[in-house]
1. One residue is enough: does segment B:202-209 have a residue meeting the conditions charged (D, E, K, R), under 12 Å from B:PHE271 (Cα atoms) and surrounded by fewer than 20 Cβ atoms within 10 Å (Cβ to Cβ)?
2. So if I check each of A:PRO150, A:PRO169, which one is under 22 Å from A:LEU99 (Cβ atoms), free of Cβ contacts under 8 Å to residues at least 40 places away in the same chain and not polar (S, T, N, Q)?
3. B:ASP202 is checked against (1) over 30 Å from A:SER258 (Cα atoms); (2) touching a strand residue (DSSP E or B) at 6+ places or on another chain (Cβ under 9 Å) and fails just one. What number does that condition carry?
4. Is it the case that segment A:11-32 has a residue that's without any contact (Cβ under 8 Å) to a residue 40 or more places away in the chain, of a type outside the set (Lys, Arg) and at positive phi?
5. Going residue by residue through segment B:18-26, is there one that turns out to be more than 10 Å from chain A (Cβ to nearest Cβ) and surrounded by fewer than 20 Cβ atoms within 10 Å (Cβ to Cβ)?
6. Determine which member of the set A:GLY216, A:GLY194, A:GLY140, A:GLY212 is out of contact with any strand residue (DSSP E or B) (no Cβ under 6 Å at 6 or more places or on another chain) and not in a helix (DSSP H, G or I).
7. For the subset of segment B:106-127 comprising residues that are more than 26 Å from A:VAL282 (Cβ to Cβ) and either touching a Lys or Arg at 6+ places or on another chain (Cβ under 7 Å) or of a type in the set (Asp, Glu) (or both), which member is nearest to the other protein chains (Cβ to nearest Cβ)?
8. Please work out which one of (1) in contact with a Ser or Thr (Cβ under 9 Å, 6 or more places away or on another chain); (2) not in a helix (DSSP H, G or I) is the condition A:PHE151 fails and give its number.
Amino acid sequence: MSATTASTPVPGRAKDPRASAALGRRRARTDAVIRFLCMVATILGLLFLVSILATLLVKGAGGISLRVFTEVTRPPGSEGGLLNAIIGSLIQVSLATLLGTPIGLLVGTYLAEYAGNSHFGNVVRFVSDVLLSAPSILIGLFVYQLLVLPFGGFSGWAGVVALAIIVIPVVVRTTEDMLRLIPNTLREAVIGLGAPKWKMIVLVCWRAAVSGIITGVLLAVARVAGETAPLLFTSLGNLNWSVDLARPMSSLPITIYSYAGSPYEDWITLAWTGALVITLGVLGLNILARAVLRARR
Amino acid sequence: MSHSAVAEGVHVAPPRPVTRRGGGTGDAVFALLCRASAMLVLVLLGAIIIELLLGGLPAFRAFGAAFLTSTEWDPVQDVYGAGVSIYGTILTAVLALLMAVPLAFGIAFFLTELAPDWMRGPVGTAIELLAAVPSIIFGMWGFFVIVPMMATTIQPAIIDTLGELPVIGDLFQGPPFGTGLFTAALILAIMVLPFIAATMRDVFLQVPGVFKESAYGLGATRWEVMRRVVLPYTRVSVVGGIMLGLGRALGETMAVTFVIGNANRITASVFGPGNTIASIVALEFGESAAGSLKLSSLLALGFLLFVISFVVLALSRWLLRSRLKG
C-alpha cells in the first residue's frame, strides 16, 4: 500500500491545471446561478403573500366603518353591514370548536398514551391524517347527506357539525405530537407515586402539554373560520338576522362568496372588507398560536 | 422514624399492599372514552365513503361505467358524465405541481442552506402564513388581480409566442379570457406552494450534519451538496411532500370556482374554460333539487374525488412514513 502511494502521490489521472480551473469556475458559476434562482423563488413566494395582503388592504380598508359591524346584510344600495354574517360565523365556529376539541383531544391522547405502535393505533393515525388533508367540500357533501336531507333542511347545526369534523384531525395531530414530547420519566414518576393512569394523563401530561394543545385549538379555529366549501351545503347562508341554529345561518365566508360574485359595487366593497377582517383574524390566530408555543418553551 | 426502628432491630411489618381505590374504574372509563373517540374517527371515514357512495348510486346505476368517461353534462336532457371534471381536476392539479415544485424546492433550499440564520425564522413563518390564508381569499385575489393580469398581458404574450409553434401551439391558443384552466392551475400552485416548501424544508433539516460537512470538506459547492447529498438522502420524503401538495390541489374548491370559467367541455387549449370536480359540485349544487339525478351525479363526483384524494394522500403518507417515525 505504501508502495502505491509512493508511486502516485495523488490518486487518479494526472491533472491539467487549466482544465481544473475551468471546471472549478463552471461549478462555481452553476452554484451561483442556482443560489440566485432560489433567492428569486423565495422572494416570489413572499411576494404572493404581500400582494394578497396589499390587495385586501387597498380594497377592503376603505370600507371599514362601524356600520359593517352594527348593521345586518341588506339589499344592494341600502347601506348594509355584515353583523349577521360575523355573529353567525362566531356561533358556528365556537360551537364547532367546543364539539370537535374534546373528541380530538381524546383521540390524540389515545394515540400517544394508549395505542403505542399497535395496528389499531396506526390505522387511526393514518385515517386522521387523511381527514386532515381531505377536500373540505366533501365534508360538506357528507353532512348534507347525513343531517340536511333527513332532517328537512339546511341548518346552523349542520354547519357546526361539518366544521367540527374539520376541527378533530387538527387537534388530534397537535395533541399527539405534544404528548409525545413529554419525557417518559415524568410519567414513571407519577405512576410511581401510585396515581392511576387517567390522573397521570389528565393532571400531569395534559398540563405539561397545555400550550401545545392550545396551539392546536387556535390553529383549528383559524382553519375553520375561513372555510367556505363545507358551509355551502350545510348552513347555506342567510341574508336576514337569525341566531336560530335550526334554520339556515349566515356566515362570513359564505357572505363574502355571494357578495364577491354579485354585480353590485357596494356589495363587492363589503365583500373585500369582510375578506380583510377574516384574513386578519385568521393570520392573527396563527401568529398567536406560534407565540403561545414559543412562550412556553 | 422507620429508619431508626430498623436500626434498632425492631421487626416492622411490611406495608400492606394498597388496593388502588377508584383508579380501576377511573382508568377503565378514561381508556374507554379515548378508545371510543379513536373508533369514531374510523367510523367517520367509513360514513363519509358510504354516504357519498349511497348518494351517488342512482347516477352510477343510470349511467354505468360510462359515467367516468362521458363528457356530457346536460341538465336539460338529464344526462351527466364525469369526464370533463375529472380531466379538469387532474390537468389543473398536475399543471399546478409543475409550477409549484421548482419554486417550493428553491424556497426550501434557500431556507435550509443559503439564508443567513436571522432570516430563516421570519421568512419560514411568512411562507407558512401563506398556507393559512383562506381559500376564498385566494379566489377573490385571483379573480380581481390575477385574471385581469392574465387577460391583458400574460396570455396574449404566450398566445403570440408559444401559440405560434407547431404541434404544441394548439395548447396555447384561443381568446385570452383571463379565466380558465391555466389560471386555476396558477392559483392552485400558489396555494400548495407553502405545503410543499414546508415539508421539503423539514426533511432537508433532517439530513445529518456530518454528511453535509464531509461533502463541504471535499470542496463541494452548496448546490453540489444539495444535489448529491441532501436530495438523494431525502428523495422519498420529497416525493411524499409533493404528493401531499397534489392531494391538496385535487380537492381545492373555492379558489378554483372563482377563476376556472365553469364550462362543461374539454378544450385543447390550457387557456380554455373548464371545470374541476370540486368546482362543479360547488357551482351546480344550488341548482340541483333534492333527489334529482343531477344531485346524485354531483354526489357521485364527490365519491370519485374522495377516492382519488384518498389514494394520493395515502401514498403521500406512506412515502413520508420514515420522516414521521424519525
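The values are calculated or read from the model by the stated rules, or taken from the named source; none is laboratory data. This one's a predicted model, so the numbers in the text were calculated from it and none came from an experiment. FYI the Cβ positions are ideal-geometry reconstructions off the backbone, even for glycines, and counts take in every protein chain you see.
1. No.
2. Just a single option satisfies the conditions, and that option is A:PRO150.
3. Exception for B:ASP202: condition (2).
4. Checking segment A:11-32: at least one residue is without any contact (Cβ under 8 Å) to a residue 40 or more places away in the chain, of a type outside the set (Lys, Arg) and at positive phi.
5. yes
6. The match here is A:GLY194.
7. Among those residues, the one meeting the criterion is B:LEU114.
8. Going through the list (1) in contact with a Ser or Thr (Cβ under 9 Å, 6 or more places away or on another chain); (2) not in a helix (DSSP H, G or I), A:PHE151 breaks only (1).
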